[in-house]
Amino acid sequence: MCIGVALAAIAAWYRRPRRRDLLGLSLVMLIGVPFQGVVGAIVVWTKVNPVAVQFHMVLSLVLIWAAVVMIVRSRQVDTGARSLSVAAAVRRRVQLLAGWTVLALLAGSVVTGTGPHAGDDEAKRFFGTAADIDGHALQWVTRVHSAIVWVTVLVALSLLWMLRKVAHDREVLDAPLTAWLITALVQGAIGYVQYAAGLPVALVAVHLAGAATLTGCTAWLWCSTTSVVADEP
């Protein structure tokens with residue numbers, strides 16, 4: 001991974017004309033990926049403290065976001081003015097959807113930090129230890145997470161409703177929004193199944209992978225609301 005990030009940074013540096021946005025994003029990953037190793041060591045040193053684990057996951061999602069933004073922007077023209085590619089109201093709804101998605105992901109990390117997969121029996125949880133978990137704490141944080149997810153889905157549906165009569169904006173956002181919706185629905189289904197099945201570790205791992213995928217889809221959707229208009233020759 002470090003090699004891949006280094007190659008991306010080198011490519012951004014030697015790209016002509018040199019672009020500050022791509023350099024900045026590559027720098028975020030160039031610093032962030034090795035820093036993950038430091039955070040991982042802190043996780044072990046704190047005996048899998050849920051706060052440290054949550055930060056480890058959130059940092060991973062930030063790096064995924066930066067990577068997707070870099071990929072999308074690298075495909076845009078190098079010179080020109082960045083402007084909205086959709087209506088301002090549509091962009092605000094996309095921003096609202098992104099905000100709720102981030103909130104849902106954070107709430108999901110709290111659920112993980114409260115449940116049986118937060119670490120071994122000696123590891124701390126957000127609410128006590130494994131021995132203290134009687135189901136009530138896990139149950140209510142799961143319900144909060146679920147409620148946030150449902151609000152997020154409603155915001156996505158409201159975005160679809162906005163796009164029904166705006167052909168241009170619908171075309172611009174079609175691919176990223178479709179990817180977001182499919183990922184969110186699959187992710188939600190996995191969440192309910194894993195909870196009903198008693199949180200088997202394999203499904204929890206798939207759910208975490210889904211969170212990473214949803215982060216990438218959200219970043220893609222966010223980036224699609226702006227584009228660069230090439231300068232006149």
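FYI, it's all coordinate maths here, none of it is from the lab. Note that the coordinates shown come from a computational prediction; the quantities given were computed from them, not determined experimentally. Please note: Cβ atoms are built from the backbone with ideal geometry, for glycine as well, and neighbour counts cover all protein chains shown.
Annotations for the structure displayed:
- Modelled FRET efficiency - R0 25 Å, Ala11 with Thr226, Cβ distances, 0.05 increments: 0.70
- For segment 170-218, the percent of C-alpha pairs falling in each 5 Å distance bin, counted from 0 to the bin holding the largest distance, reads 5, 23, 26, 19, 13, 8, 4, 2, 0.
- Rounded tilt (10° steps) of 167-196 against the dominant C-alpha axis of the chain: 10
- Angle between the chain longest axis and helix 20-45 axis [Cα atoms, degrees, rounded to 10]: 10
- Cα long-axis angle, helix 88-114 against the chain (0 to 90 degrees, to the nearest 10): 20
- For segment 42-79, trypsin sites (Lys or Arg not before Pro) meeting the loop criterion (DSSP other than H, G, I, E, B) and having at most 15 other Cβ atoms within 10 Å: Lys47, Arg75.
- The Kirkwood hydrodynamic radius of the chain, based on inverse pair distances between different Cα atoms, is 19.4 Å.
- With the simple spin-label model, which puts each label point 7 Å out from Cα in the Cβ direction, the Arg18 to Phe35 separation comes to 2.2 nm.
- In the elastic network of the chain, a GNM with C-alpha springs shorter than 10 Å, the most mobile of Ser74, Ser109, Ser60 is Ser74.
- The dipole here belongs to the chain: it is taken about the Cα centre, uses +1 on the Cβ of Lys and Arg and -1 on the Cβ of Asp and Glu, and is about 720 debye.
- Rg(Cα) / (2.2 N^0.38 Å) computed for segment 1-103, rounded to two decimals: 1.31
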